[in-house]
Amino acid sequence: MDAIKAVQHYINRIVSDTSGMKVLLLDNETTSIISLVSTQSFLLSKETYLVDRIDNRSRDEMRHLKCVCFLRPTDSSIQALLDELRSPKYGDYYIYFSNILKKSMIELLAENDESEVVREIQEFYADYYATTPFLFHMGLTPSVHPLFAEGHSWNPGALARTVQGLSALLLALKRRPNIRYERNSAMALKLGQELEYTMDHESNLFGAKAGDKKTHLLIVDRKNDP
């Protein structure tokens, strides 16, 4: 397992698969995800002329350039992308999402691509913040996603983001683990159940339920530390 190399692999694909001079558009979170594992000089070496935010509407129109987008599949990023496609500033668009994309989102993008500038849509599972090869986090901050709700239970937003991040990591590493959680922790149980549901629901991505007997995911609750 190497969390950094897993993200770097996807970033390399994003900027290498589209040849020629290009613009890279990111959202708030993918900007931070990339900055942890890549450099401006690397992006320039892959003919990335400009790096900007998808929600920056003051960008100049450069229809001679290709545009590569790397975004989280959130409502705000999808809306910013729809606004971009309704008034495209670049010639061709190659769109990569950091996690599983709902079918309804794909249909929505197709409906709004009236100029027919979208050339590709893919899922590249780099939806977590890799700080070392063996340490990563989900970027949860108390002001945006408080961890706890009432009674030391999961805040729904924090739970959803944690499941999304863990799912992306497992897909990047091509693992479907056996999940083990702390017996006395309702939060550990809930996280394990939600992650198991995601793997079952997306079995075409994760593979068969008994496909990976050697990998185990241990969920512990640090509130119970002595």
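Could you run through region 173-185 and say how many residues are open to solvent by 50 Å² or more (accessible area, probe 1.4 Å) and within 11 Å of M199 (Cα to Cα)? Matching residues across region 173-185 total 1. Scanning region 28-49 for residues being of a type in the set (V, I, T), touching a helix residue (DSSP H, G or I) at 6+ places or on another chain (Cβ under 6 Å) and outside any helix (DSSP H, G or I) gives a total of 1.
For region 123-164, filtering for residues that are among the acidic types (D, E) and in contact with a strand residue (DSSP E or B) (Cβ under 6 Å, 6 or more places away or on another chain) leaves 1. Candidates are the residues of region 1-26 that are open to solvent by less than 10 Å² (accessible area, probe 1.4 Å) and either of a type in the set (K, R) or more than 26 Å from L217 (Cβ to Cβ) (or both); the one that is nearest to the chain's Cα centre (by Cα) is L26.
If you take the residues of region 39-98 that are aromatic (F, W, Y) and closer than 20 Å to E114 by Cβ, which of them is most open to solvent (accessible area, probe 1.4 Å)? Looking at residues that are aromatic (F, W, Y) and closer than 20 Å to E114 by Cβ, I get Y94.
Taken over region 145-172, the criterion of being assigned to a helix (DSSP H, G or I), closer than 30 Å to K5 by Cβ and open to solvent by 40 Å² or more (accessible area, probe 1.4 Å) is satisfied by A160, Q164. Residues in region 1-21 that are in a loop (DSSP other than H, G, I, E, B) and out of contact with any Pro (no Cβ under 6 Å at 6 or more places or on another chain): M1, D17, T18, S19, G20, M21. When E182, E194 are screened for being at pLDDT 95 or above, acidic (D, E) and closer than 24 Å to P156 by Cα, only E194 passes.
Regarding S104, is this residue modelled with pLDDT under 95 and either over 19 Å from L24 (Cβ atoms) or of a type outside the set (D, E, K, R) (or both)?
yes
Looking only at residues of region 99-128 that are crowded, with 19+ Cβ neighbours inside 10 Å and touching a residue at least 60 places away in the same chain (Cβ under 8 Å), we find that the one that is farthest from E61 (Cα to Cα) is Y128. Taking the criterion of being touching a Ser or Thr at 6+ places or on another chain (Cβ under 9 Å), more than 21 Å from L71 (Cα to Cα) and in contact (Cβ under 8 Å) with a residue 40 or more places away in the chain, the residues of region 149-199 that qualify are R175, P177.
The values are calculated or read from the model by the stated rules, or taken from the named source; none is laboratory data. All values reported here derive from a predicted model rather than from experimental measurement. Note: ideal-geometry Cβ built from the backbone for every residue, glycine included; neighbour counts use all protein chains shown. Note: accessible area is taken over every heavy atom of the protein model, side chains too, but ligands, DNA and RNA are not part of it. Shrake-Rupley method; radii C 1.70, N 1.55, O 1.52, S 1.80 Å.
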